[in-house]
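Novice: Let me give you the structure first, and then I'll get to my questions.
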Amino acid sequence: MAIESTAVLEIGTSTVRVVVGELRDDGVVSVTGLGEAESRGIRKGEIINRDHAIASVRAALKSAEADLRKNIHSIHLITSGGQAESKTNTGILKLVDPEDNQLSEVNTDDIDEVAEVARKVALPETRIKLHTLQQYFQVDDLLNVTSPIGMAGEELRLDMLSIHGKRSTVDNFRKIVDDAPIHCADAIFSGLCSAIAVVNNEQKKAGVLVIDIGGGTTDFVLYHDGLVQTAASIAVGGEHITNDIAIGLKVPSGQAEQVKQRAGSALTNLMERDHNISIPAQQGFPSKMVRAVTLNTIINARMEEIFVLVKEHVDQHCLNVPMIAGVLLCGGGAFLNGARDLGQKVFNAPCSFGKPFEVHGLPAAKDAPRYAAHIGCIRYAAALNTHEERSSFGKKLAKLFWGGSHE
């Protein structure tokens, strides 16, 4: 038996992808439908042509429906752009009257109340809240409490991490879905989805950084001590590397992408200075030979920029937070030759592919990191539905642990 099927949609810079799946009782995600289309009208995670974007979404939906052999009426939207950022807010609750010389035990109502206070983070009108994730409690002077129920004290505090995006970007993508037309059930941050798909509890405790390199954006989430410590996105991705190659080698973008995938590497090797790469002629462009070291120098510069920008953010917001479980790479950019070695060099930590666990039905196991965000989104939606089927307290927990209203 499985929970009701969930359809998820990602409108990426390179590809629009729809994945339909079910979370079975044994915890395995079973993919039952898949549809893809070339992404048109999207650049750097932003919409530049609504009509083209809508056509791409419709094509991907039609392909998924053909694979599923039934119509799709509702989707969960994976947001990979929107300049996502995170911010920690602290809720404070007085458990007893200060004039009373006594302590009070923390109960579930206290948890609900302090959580509601912590969730009310003030954001500019240009930002929209995507998720609120519980951090640590504090009971009086006792820090880093994970479960305070039954503990006695005078004051209860709760830190809440809010992940928020650019309102105009998120709203515009939701309108694209509405105009497809199809119902958009929720908008979920891509970086969080990828992390849910590829990170286990032991890695979350030890410390792990998940980086999802898309076409126009790169999303990342850092876990430690079982909790999300920071999350954000940067407007640099695989297409920037392709554009750099096209400009540097003076070739069309299509050939630049091909040569990047076929012969490119994120690492430079001076031993390759005498190795040449043949680029065939294309209409309006003559054939040419380019040195491998030239190609890889171009790729290395942009890939290193991506990793350094992520590292600078992590160092600024979570200095000295250990990453014992290393770095996991997801998304299409993870497959670039040398990406893992370069990541290990920049972060000084083990770097590997982030492969979704306990999933059946993907086209090929080696391509699994491309679908990390989609598998994680299916798990997210299924867990949220499970919580909502429980008592009202369960619904409050759903908001606390999984997400908040889009304010």
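None of the figures in this text is laboratory data; all of them are computed from the coordinates on show. As the structure is a prediction and not an experimental result, all values here were calculated from the model. Here Cβ is always computed from backbone atoms with ideal geometry, including for glycine, and neighbour counts include all displayed protein chains.
Novice: Taking 35 Å as R0, compute the FRET efficiency from the Cβ-Cβ separation of V308 and D178 and round it to 0.05.
Specialist: Values: r = 38 Å, r/R0 = 1.08.
Using R0 = 35 Å, I get an efficiency of 0.40.
Novice: Equivalent ellipsoid semi-axes for the stretch 201-356, as square roots of 5 times the alpha carbon gyration tensor eigenvalues: give them largest first, rounded to whole Å. The partial results should precede the final answer.
Specialist: Values: eigenvalues 218, 42, 28 Å².
Semi-axes (√(5λ), whole Å): 33, 15, 12.
Novice: 222 nm [θ] for the chain, helices only, -39500 (n - 2.57) per DSSP H run of 4+, per residue, to 500?
Specialist: -11000 deg cm²/dmol
Novice: Answer rounded, prolate or oblate for the stretch 145-275, using the Cα gyration tensor with square roots of eigenvalues a ≥ b ≥ c: rounded when a/c is under 1.5, else prolate when a/b is larger than b/c, else oblate.
Specialist: oblate
Novice: Okay, next question. Percent of Cα-Cα pairs more than 12 Å apart in the stretch 154-204, please.
Specialist: Everything past 12 Å amounts to 76 percent.
Novice: Consider a paramagnetic label point 7 Å from the Cα of N243 along Cα→Cβ; state which residues of the stretch 30-64 have an amide N under 11 Å from it.
Specialist: Within reach of a label on N243, which here means backbone N under 11 Å from a point 7 Å along Cα→Cβ, the stretch 30-64 contributes 43-46.
Novice: With r as the distance between the Cβ atoms of R58 and A152 and R0 = 60 Å, compute the FRET efficiency 1/(1 + (r/R0)^6) and round to 0.05.
Specialist: So, using R0 = 60 Å, E works out to roughly 0.55.
Novice: Pick from H73, H360, H374: which is most flexible by mean-square fluctuation in a GNM of the chain where alpha carbon atoms under 10 Å apart are linked?
Specialist: H73
Novice: What is the magnitude of the charge dipole of the chain about its Cα centre, with +1 placed on the Cβ of each Lys and Arg, -1 on the Cβ of each Asp and Glu, and no other charges, expressed in debye to the nearest 20?
Specialist: The dipole magnitude comes to about 2080 debye.
Novice: Note the full-extension length gain between C318 and Q282 as 0.36 nm times their separation in residues minus their Cα-Cα distance, in nm to one decimal.
Specialist: 8.1 nm
Novice: Another one. Which peptide among 137-147, 174-184 comes first, and what is the full order, when sorted by highest mean count of other Cβ atoms within 10 Å?
Specialist: Result, highest mean first: 174-184, 137-147.
Novice: Over the stretch 86-163, what portion of Cα pair distances is larger than 18 Å, expressed as a whole percent?
Specialist: Tail fraction, whole percent: 40.
Novice: Wrap a convex hull around the Cα atoms of the stretch 96-139, take a quarter of its surface area, and give that in square nanometres. It would help to have the intermediate numbers written out before the result.
Specialist: Details: hull surface 18.2 nm².
Reported value for the Cα convex hull: 4.6 nm².
Novice: Over the stretch 201-356, what is the relative contact order in percent, taking alpha-carbon pairs closer than 8 angstrom and at least six residues apart?
Specialist: Contact order relative to length: 28 percent.
Novice: Please work out the FRET efficiency for the pair S253 and R24, using the Cβ-Cβ distance as r and a Förster radius of 41 Å; give the result to the nearest 0.05.
Specialist: Between S253 and R24 the formula returns 0.50.
Novice: Could you pull the Rg and Dmax for the chain, using just the Cα atoms, both in Å?
Specialist: Calculated on Cα positions, Rg and Dmax stand at 22.8, 86 Å.
Novice: Also, quick follow-up: Starting from the exponent 0.38 and prefactor 2.2 Å, build the expected Rg for the stretch 202-273 from its residue count and divide its actual Cα Rg by it.
Specialist: Numbers: Rg = 16.6 Å, N = 72, 2.2 N^0.38 = 11.2 Å.
Its radius of gyration relative to the 2.2 N^0.38 Å reference: 1.49.
Novice: Output the DSSP H helices from the chain with an along-axis C-alpha extent of no less than 20 Å and a mean Kyte-Doolittle hydropathy no less than -1.0.
Specialist: Sorted by number, the helices that extend far enough and score high enough are 50-68, 292-317, 372-388.
Novice: Is there a pair in K166/K205; K94/K120; K175/K355; K129/K175; K87/K205 whose C-alpha atoms are over 23 Å apart, and which pairs would that be?
Specialist: Numbers: K166/K205 30 Å; K94/K120 17 Å; K175/K355 31 Å; K129/K175 17 Å; K87/K205 21 Å.
In this structure, K166/K205; K175/K355 exceed 23 Å between Cα atoms.
Novice: Enumerate the residues in the stretch 238-270 having an amide nitrogen under 19 Å from the point lying 7 Å beyond the Cα of A364 toward its Cβ.
Specialist: 257-265
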